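Inspection log for the structure reproduced underneath, given as structure tokens.
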Amino acid sequence: MGYWGYFVVGRAERPLAELAALAGAPGLTLRQETPDGWQVWEYPGGEGDVGNMHELAHQTGEPALFGYVMDSDCAVVEAAGPESGMWTTCLGREAMAARLGAGEGVVLEDYFLEPRDAAERAVAWAAEAGHIVTAEPLLEVFGADPDPLAENLFFRMLDRLGVVPL
């Protein structure tokens with residue numbers, strides 16, 4: 001059995017876990033913090049709702065994102081910026097399609113941006129965070145299969161966004 005749980009990413013002067021936007025997730029643990037204020041918090045288990053990512057971006061005045069990893073096979077990525085808005089995509093598209101029953105009248109694009117569109121939105125998200133990135137390295141991540149874990153793909157995405165280096 002693989003990992004199930006959330007990763008919460010944002011930038012603030014105080015711990016993200018103290019903000020009202022994440023009040024629904026008691027027990028968040030700090031996994032990583034960068035010198036420029038980026039924080040990665042973990043909420044293992046995936047039971048319930050971790051909080052409101054849009055509200056987190058609003059409270060911090062910075063872009064924020066959530067990654068919900070499912071059995072280490074795939075992950076839902078939800079991102080928001082105070083200016084760039086919200087977007088949702090997934091990592092491990094083949095595994096996600098299997099989970100959703102794609103092909104039975106359901107397609108991934110009903111729920112998630114396609115990799116190219118997600119890469120373009122991610123570039124705008126990173127720009128709002130003060131990072132200059134290009135779409136191609138992000139497109140590679142959004143189109144990749146987890147190798148071997150979706151968590152690794154999530155952290156590769158954070159690296160490509162200029163948020164948390166690998």
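What region 77-138 shows is 51 Å² of accessible area per residue, with the surface traced by a 1.4 Å probe over protein heavy atoms.
Rounded to the nearest 20, the size of the Cβ-charge dipole of region 1-65 about its Cα centre is 60 debye, with Lys and Arg at +1 and Asp and Glu at -1.
Placing +1 on the Cβ of every Lys and Arg and -1 on the Cβ of every Asp and Glu, with nothing else charged, gives region 29-166 a dipole about its Cα centre of roughly 180 debye.
For the pair E83 and Y111 in one chain, pulling the backbone fully straight at 0.36 nm per residue adds 7.9 nm over the alpha carbon distance. Within region 1-65, the proportion of Cα pairs with more than 14 Å between them is 51 percent. Take region 1-52 with all the other protein chains still there, run a 1.4 Å probe, and you get 52 Å² of accessible area per residue. For region 46-162, carbon and sulfur atoms together expose 47% of the accessible surface, with a 1.4 angstrom probe and every protein chain in place.
Note on region 20-117: Rg/Rh from C-alpha atoms, Kirkwood Rh, equals 0.99. Between region 54-83 and region 122-166, the C-alpha centres lie 13 angstrom from each other.
Across every pair of non-identical alpha carbons in the chain, the mean reciprocal distance, once inverted, gives a Kirkwood radius of 15.7 Å. One equal scatterer on each Cα of region 70-166, no solvent, Debye formula: the resulting log10 I(q)/I(0) at q = 0.17, 0.25 Å⁻¹ is -0.70, -1.35.
The values are calculated or read from the model by the stated rules, or taken from the named source; none is laboratory data. Quick caveat: nothing in here was measured; it's all calculated off a predicted structure. When we count neighbours, we look across all protein chains shown, and the Cβ atoms used for this are built from the backbone with ideal geometry, even at glycine. Please note that ligands, DNA and RNA were not included when accessible areas were found on the heavy atoms of the full protein model with its side chains. Shrake-Rupley method; radii C 1.70, N 1.55, O 1.52, S 1.80 Å.
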